[in-house]
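Below is one structure; the comments refer to it alone.
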Amino acid sequence: MKLKRLVVFLLAPALLAIAVLSYIFLSSAKKPNIILITVDALRADYLGAYGNANDTSPQIDAFARESLVFTNAYCTVPKTSASFASLMTGLHPFFHQTSPIKDFLREENLTLAEFLSKNDYETAAIVENANLSKFFKFDQGFGSYMEVWKRVDGKAAATPFITDATSKFLNGKHSQPFFLWVHYIDTHAPYLPPAELVRYDETRKGRDISQIEKKIVIGSKIEKEKILNGYSDENYFIALYEGCIRYVDGEIGKILEIIKRRYLDNTVVIISSDHGEELGEHNLFFDHGALTFQSSTRVPLIVSIPGRKKARIDRPVSLMDVFPTVCEDILHKRIPTTIQGISLFKEAAGRKLHIYGQSSHAIIAGGRSFIEIKQHFADRLDIPTRYCFDYQVDAAEKHNLLPDSLSLFLLNNNLYNNYIAKNKYPVRKRGHRELSEKDLESLKALGYIN
């Protein structure tokens, strides 16, 4: 009997340790991995899952057919820095106070990566775009943060590098659930798709950009030089943009295949973008940020959650809603801070989405989008300053409902103007002179710095 008690006494610490480790393991096993894949400047309406018939995105489309597709998802600002600040914090730009580009993610704001790290997640990011650099504090909460532009020679080399690095991460061993953010940049100018993926039909030309009297051409120096050298058909550039989508779609397909093979039963996968891209619809070419039409603000948002049935959800949602969805619907925890985002699965009657543009703004409310453009910018583009669209039946925004909806426009516009005046956005951003040489090279190549 004494020997038995001695054995139990000696084994007790080991048994306790095994029990604790088993509890930790089982608790971690219940938490799903979370993979966020984003593509810079990817328009929702150029994907097959959102109605494009040009076979641009077969891999993403296949994923969408088995997932939740949010058909009316919007960014908060059609610029990288402020948009991703909203996605990562659940805050509207008026509150997170990150200016549209080349600005800092404020350290006082809790990020999705910080929240997951505090909940025993391994956190890693593989991103391309120097607006997301460690210098600008976008690495908050990430245990590993790979700045791709510092590891490759130019944009063309970035995409295969990202896919390879992501594949290595996914094929590695992980003792904890992980949050992985992967950001591609193919659909951001300059448009550099493989030639075999470009389907340009010279017999179906659009407008000659060089002959449009009132226009603004941004992009990179590559697009501007092409126009000067006779490649001025707007459909040619659309073909390039679609070729970029086909390229990144193929790369994302490789990642999805690994996920399907190794992780699908216990992994949340989110595919989205930071904003869209103006391709000439409003005489603004190869840019984003100034205008707040659907072409710039509507983004793909496709979500796969284990146990959730596939569906298409048409009510308007925001990139701000990713953070609270992870908190409430995936980890089943209370949101630890005050935010403007709400769960993607929570209906909010009367919700208004305020979208800030550098030369315009938009309000999404009551099945309508209300847009006002600053007079000087509208004059440069030879377009009206005020619009009202029924985005549910007119996603291409062809039929301006003004002046018939003028009173409703003025009501929402006044609410927006009061909102922005109260919150004083954007703030004066800090400079970027201390950026590394590689950061500056990346920003110049993308057209952010002349």
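Determine which member of the set Lys260, Lys309, Lys333, Lys226 is in contact with a helix residue (DSSP H, G or I) (Cβ under 7 Å, 6 or more places away or on another chain) and among the charged types (D, E, K, R). Testing whether each residue is in contact with a helix residue (DSSP H, G or I) (Cβ under 7 Å, 6 or more places away or on another chain) and among the charged types (D, E, K, R) leaves just Lys333. Inside the stretch 192-221, residues that are part of a helix (DSSP H, G or I) and buried (at least 16 other Cβ atoms within 10 Å of the Cβ) make up a count of 2. Of everything in the stretch 89-127 that's aliphatic (A, V, I, L, M) and not in a strand (DSSP E or B), which residue is nearest to Val322 (Cα to Cα)? Restricting to residues being aliphatic (A, V, I, L, M) and not in a strand (DSSP E or B), the top hit is Leu112.
Is it true that some residue in the stretch 178-189 is of a type in the set (Ser, Thr, Tyr), assigned to a loop (DSSP other than H, G, I, E, B), in contact (Cβ under 8 Å) with a residue 40 or more places away in the chain and surrounded by 23 or more Cβ atoms within 10 Å (Cβ to Cβ)? So far as the stretch 178-189 goes, yes, one or more of its residues are of a type in the set (Ser, Thr, Tyr), assigned to a loop (DSSP other than H, G, I, E, B), in contact (Cβ under 8 Å) with a residue 40 or more places away in the chain and surrounded by 23 or more Cβ atoms within 10 Å (Cβ to Cβ).
Only one of Arg368, Arg334, Arg308 is more than 27 Å from Val427 (Cα to Cα), surrounded by 17 or more Cβ atoms within 10 Å (Cβ to Cβ) and basic (Lys, Arg); which? None of the others qualify; the one that does is Arg368. The residues in the stretch 192-230 that are over 30 Å from Gln140 (Cα atoms) and within 23 Å of the chain's Cα centre (by Cα) can be counted, and the count is 3. Only residues that are of a type outside the set (A, V, I, L, M, F, W, C), in contact with a strand residue (DSSP E or B) (Cβ under 8 Å, 6 or more places away or on another chain) and part of a helix (DSSP H, G or I) were counted in the stretch 397-430, giving 4. Contact map, the stretch 364-386: first residue at positive phi, second residue surrounded by fewer than 19 Cβ atoms within 10 Å (Cβ to Cβ) and small (Gly, Ala, Ser), Cβ cut-off under 9 Å, separation 6 or more or different chains; pairs are Gly366/Gly350.
The requirement of being within 15 Å of the chain's Cα centre (by Cα) and either at pLDDT 95 or above or surrounded by 14 or more Cβ atoms within 10 Å (Cβ to Cβ) (or both) is satisfied by Leu91. Restricting the stretch 140-162 to residues that are assigned to a loop (DSSP other than H, G, I, E, B) and within 18 Å of Pro193 (Cα to Cα) leaves a set whose member that is modelled with the lowest pLDDT is Gly154.
Set side by side, the residues Tyr236, Tyr247, Tyr241 differ, and just one is among the hydroxyl-bearing types (Ser, Thr, Tyr), assigned to a helix (DSSP H, G or I) and farther than 18 Å from Pro58 by Cα, which is Tyr236.
Within the stretch 316-330, at least one residue is surrounded by 19 or more Cβ atoms within 10 Å (Cβ to Cβ) and part of a loop (DSSP other than H, G, I, E, B).
The values are calculated or read from the model by the stated rules, or taken from the named source; none is laboratory data. The shown structure was predicted, so the numbers you read here are calculated from the model rather than taken from an experiment. As a convention, Cβ positions derive from the backbone with ideal geometry for all residues, glycine included, and neighbour counts pool all protein chains shown.
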